[in-house]
1. Report, by residue number, each residue of region A:204-215 that is surrounded by fewer than 18 Cβ atoms within 10 Å (Cβ to Cβ) and more than 8 Å from chain B (Cβ to nearest Cβ).
2. Scan region A:191-211 and give yes if some residue there is under 16 Å from residue A:138 (Cα atoms) and over 24 Å from the mean Cα position of the chain (by Cα), otherwise no.
3. Considering region B:132-159 alone, what residues qualify as being surrounded by 22 or more Cβ atoms within 10 Å (Cβ to Cβ) and either away from chain A (no Cβ under 14 Å) or closer than 22 Å to residue A:210 by Cα (or both)?
4. Within region B:230-239, can you find the residues that are in a helix (DSSP H, G or I) and more than 11 Å from residue B:196 (Cβ to Cβ)?
5. Can you confirm whether residue A:190 is in contact (Cβ under 8 Å) with a residue 40 or more places away in the chain and out of contact with any helix residue (DSSP H, G or I) (no Cβ under 7 Å at 6 or more places or on another chain)?
6. Quick one: count up the residues across region B:160-201 that are assigned to a helix (DSSP H, G or I) and within 11 Å of chain A (Cβ to nearest Cβ).
7. Any residue at all in region A:190-208 that is modelled with pLDDT under 90 and more than 24 Å from residue A:129 (Cα to Cα)?
8. Would you tally the residues in region A:178-203 being under 24 Å from residue B:195 (Cβ atoms), in a loop (DSSP other than H, G, I, E, B) and more than 8 Å from every other protein chain (Cβ to nearest Cβ)?
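The values are calculated or read from the model by the stated rules, or taken from the named source; none is laboratory data. Quick caveat, the model's predicted, so the values are computed rather than measured. Here the Cβ positions follow ideal geometry from the backbone for every residue, glycine too, while neighbour counts run over all protein chains shown.
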């Protein structure tokens, strides 16, 4: 399985009580969000407490994901529309009916233009609905390795991996859409398609090969 | 001379048309235009009629073409032989059509976006080896529990990952999926289930044991913490440790780091 890393956190040190850590995880389970400091506290505690590490290590990727997502809330489409409408209303506190129609029309045009632009370009990411995923492949002797999948429109030239220190481990970090399923392969030297050897979830691609599956 | 009077209402009408226009005129998912325009697709010119026939069949059966376009691009990128490409598309269409008929019967009224997401999830679950009957039972359970499409998609995704990773048999997948759909667990927490189950299997527990514990916790209204605790206690390693500790049970200390019982039972949620 590829290593998932969501953001970098400050390196606070110190241990928290097991009960406090449990309360943090329980709150995350209820609310689906976790603050970066809480994540760091859980990490720090688990690194020193074997039983808590055993309890929560399976949840860590999700804790990390939701911590990163909560750190930078985006501006969803509906919220943008609300803001546009609010601004229009504010600029015309006592509009005559004709001007109110005009204001609504202008606001709709602005929202429509934004919506159309979004549709034309496909999904537009906000920090809240994306996750950062780090992919690695050990391929000593390879001249090039590409990450190709549903998220690159199956274009093998979009995400080229790098091996800067020439140790044979090719890496890339990409932002992918949260709550989606990514199907992907590595392409070695432009022609050899392989599934991710670290991924436990692999599916028959229907063409005689295998692809890896990553739920985000 | 002709004059055009632009009223605010007319502007509003134009705005609404502009809002609706992109979906109507978007050709992003149009297989024919992609086949014509993308240089990668030129190698498949001889098979174009067969490929487009697959898309025609999809439209006739009401299957959204987005997943098929993805599959087409995948096959073309992998430079598979034309006959393999068409066969792969047909297999994908069969899965999507199966999903379409299952969803039409069990989860009608989904909007196009929800439907495509659900169909992709059904297709992946079928590709992982699940039977249509098992998926139908899950959709029944979702309907009984009044679960929406998001829960359905999440549950199907969890089961697909478990089937692909640890080859979870259909009967266990159905039991687990039904328990998830009937549980009060927030849908966001579903994402953690594969990780919890796979780790427990890696710790030496059988799929039957793991699913029994997870389902038991879900039915009792418990959450992930309680699930983790019960799985950890039931793991062969923890049981062996307890057997070793039993002769000197009095030395078990209260703090987990001192070697005592790992943790008290997690709080029962909701």
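1. The answer is A:210, and nothing else.
2. Yes, region A:191-211 contains at least one residue that is under 16 Å from residue A:138 (Cα atoms) and over 24 Å from the mean Cα position of the chain (by Cα).
3. Within region B:132-159, B:135, B:138, B:139, B:142, B:156, B:157, B:158, B:159 meet the criteria.
4. Passing the criteria: B:233, B:234, B:236, B:237, B:238, B:239.
5. It is true that residue A:190 is in contact (Cβ under 8 Å) with a residue 40 or more places away in the chain and out of contact with any helix residue (DSSP H, G or I) (no Cβ under 7 Å at 6 or more places or on another chain).
6. Summing the residues that are assigned to a helix (DSSP H, G or I) and within 11 Å of chain A (Cβ to nearest Cβ) in region B:160-201 gives 22.
7. Yes - at least one qualifying residue is present in region A:190-208.
8. Total satisfying the criteria: 8.
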